[in-house]
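Shown next, in structure tokens, is the structure this report addresses.
Bear in mind these aren't lab numbers, they're just calculated from the coordinates by the rules spelled out. Here the structure is a predicted model, which is why all the values come from computation and not from measurement. Neighbour counts run over all protein chains shown; Cβ positions are idealised from the backbone, glycine included.
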Amino acid sequence: MRQAGRYLPQFRALRAKYDFLTLCRTPELVAEVTSQPIDYLGVDAAILFCDILVVLDAMDRGLHFDKGVGPVIDRPIHSSEEIAQLHRPDVADSLSYVADGIKACKERISVPLIGFCGAPFTVASYLIEGGGSRDYKRTKQWIFRDPKGLHALLSLLCDVTIDYCKLQIEAGVQALQVFDSWAHLLAQAQFEEFSLHYLKRIVDALRPTGIPVILFCRGSSFFAEQLASLQPAAISIDWSADLSQLSRKLPSNIALQGNLDPDILYADKSTIERECKKLLNGMKDHPGYIFNLGHGLKPDMEPENVRCLVDTVRNS
Ligand code: 1CP
């Protein structure tokens, strides 16, 4: 889950000087931000500093990140006719800055580096809505009004995503996490049709590389068995499930990652320690378990509390 995020003052100091995409496009700054949480927390792996939406930058949709607003896409897509005009970018060219950032990280960081991408459904929802949204109305309308058109968009984004993952692997990432942050908008059958199908294409395309793929959905507690059917290396479970109970329903050859409620970081240190130990205890007999949060950190979380959490896991 997000590491540097917005909660580290070291990140905010850099962000005050540089625009978000400038940070992403400058390899030395990517290495700097990626290593900030490693230096501060001593976690076991680094997650590349970038964003799931850079593929929309590669597709020239006018992506920018505005203070206090989040991601904005100046040229959203509203119809099938517009989809026909989209093109598959040469990511080796348009996202070469990500490859350069990865190489800079590898020189600087000694722990494994995790690359990532957005799932086609989640990236499509940003492209359709023009940014974040409260109710994702346009995306849901499209599901019911023009499923064929939506599939054309998802299929294109899936191809671009696979190219983008391969670019990250060639540049040196040692694992890849796919974020389907808006999957919880979908009912079970819709999830299979509009998300799982494309996640399968990604997992299958990357399998020959031997790089472990971790699947995360908001809603992964609910969709865990469907995700397991794709046989990814790992599934990252959101914070709503009882992980030890859920793990009994899933094949033991898939690692589980998760799933502490990130809002616990607003509590005092003894509560953080207690809840963390409860989770670790429930998973103590599960081989390959990876401790993690069930979603991202929030900007106003205390770095000291995050460190207390990491120390508790280390000392357990
Ligand atoms: O935190 C890190 O440094 C790790 C790198 C990282 C990752 C893994 C960033 C940097 N973004 C992401 C993934 C990401 N981006 C997701 C999937 C994970 C999740 O569900 O949280 C999503 C949905 C996005 C889209 C996005 N980018 C948002 C969410 C907006 C919304 O609709 O709710 C936001 C706020 C961003 C900007 C962003 N990306 C990353 C950071 C540190 C920030 C904040 C930038 C700032 O300072 O303004």
Report task. Kindly point out which whole DSSP H helices in the chain project their C-alpha atoms 18 angstrom or further along the helix axis while averaging a Kyte-Doolittle hydropathy of 0.0 or above. Result -> 27-41, 147-171
Report summary line: So the pair-distance distribution of the range 134-236, from every Cα-Cα distance in 10 Å bins, comes to percents of 14, 47, 31, 7, 0
Report task. Quick one, can you get me the convex hull of the C-alpha atoms of the range 180-279 expressed as volume per residue in Å³? Result -> 105 Å³
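Kindly identify the range 1-52 as rounded, prolate or oblate by the Cα gyration tensor criterion: order the square roots of the eigenvalues as a ≥ b ≥ c, call it rounded if a/c is under 1.5, otherwise compare a/b with b/c, prolate if a/b is larger, else oblate.
Values: a/c = 1.78, a/b = 1.41, b/c = 1.26.
Prolate.
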Report summary line: Here the averaged projected area of the chain, based on the convex hull of its alpha-carbon atoms and given in nm², is 15.0 nm²
**Report entry** Candidate lysines - alpha carbon under 23 Å from LYS249, same-chain residues fewer than 8 apart omitted
**Finding:** LYS200, LYS277, LYS278, LYS284
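List the longest stretch of the chain that has no exposed loop site; here a site is one of the trypsin sites (Lys or Arg not before Pro) assigned by DSSP to anything other than H, G, I, E or B, with at most 13 other Cβ within 10 Å. Walk me through the numbers before you get to the answer.
Working: sites that count: LYS67, ARG134, ARG248, LYS249, LYS284.
Longest gap between qualifying sites, sites excluded: 135-247.
Using only Cα atoms, what Kirkwood radius does the range 44-127 have, in angstroms?
Values: mean 1/r = 0.0692 Å⁻¹.
Result for the range 44-127, one decimal place: 14.4 Å.
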Requested in this report: Quote the charge dipole size of the chain about the Cα centre in Debye, to the nearest 20; the model charges only the Cβ of Lys and Arg (+1) and of Asp and Glu (-1).
Outcome: 380 debye
Requested in this report: When you have a sec, figure out the Kirkwood radius of the range 99-169 from all distinct Cα pair distances and drop it here in Å to one decimal?
Outcome: 14.1 Å
**Report entry** For the range 28-82: relative contact order, % (alpha-carbon pairs under 8 angstrom, 6 or more apart)
**Finding:** 20 percent
Report task. For the range 167-219, just list the percent of Cα-Cα distances falling in each 10 Å bin from zero outward, please. Result -> 23, 49, 23, 5
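So for the range 214-280, averaging the separation of alpha carbon pairs under 8 Å that are six or more residues apart and normalising by length, what relative contact order in percent results?
So the answer I get is 28 percent.
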**Report entry** Radius of gyration and maximum dimension Dmax of the range 1-149, Cα, Å
**Finding:** 16.7, 49
Query raised in the report: Any idea how far the Cα center of the range 177-198 sits from the one of the range 1-80, in Å?
Result: 24 Å
Query raised in the report: Over the range 36-81, what lengths in whole Å, largest first, do the semi-axes of the equivalent ellipsoid take, defined as the square roots of 5 times the eigenvalues of the alpha-carbon gyration tensor?
Result: 31, 13, 8
Query - Net length gained if the chain between ASP60 and SER155 were fully extended (0.36 nm per residue, minus Cα distance) - result: 32.4 nm
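Determine the dipole magnitude for the range 47-197: charges of +1 sit on the beta-carbon of Lys and Arg, -1 on that of Asp and Glu, nothing else is charged, the reference point is the Cα centre, and the result goes in debye to the nearest 20.
On the way: 14 positive and 20 negative charges, 68 e Å.
Roughly 320 debye for the range 47-197.
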Report summary line: Computed, not fitted: 222 nm per-residue ellipticity of the chain from DSSP H runs ≥ 4 (each -39500 (n - 2.57)), nearest 500, equal to -14000 deg cm²/dmol
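If I take every Cα pair under 8 Å that is 6 or more residues apart in the chain, average their sequence separation and divide by the length, what percent do I get for the relative contact order? Before the final figure, lay out each step's value.
Details: 532 pairs, mean separation 54.3, N = 316.
The normalised contact order for the chain reaches 17 percent.
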Query - Length gained when the stretch LYS269-GLU28 is fully extended (0.36 nm per residue, less Cα-Cα span) - result: 83.3 nm
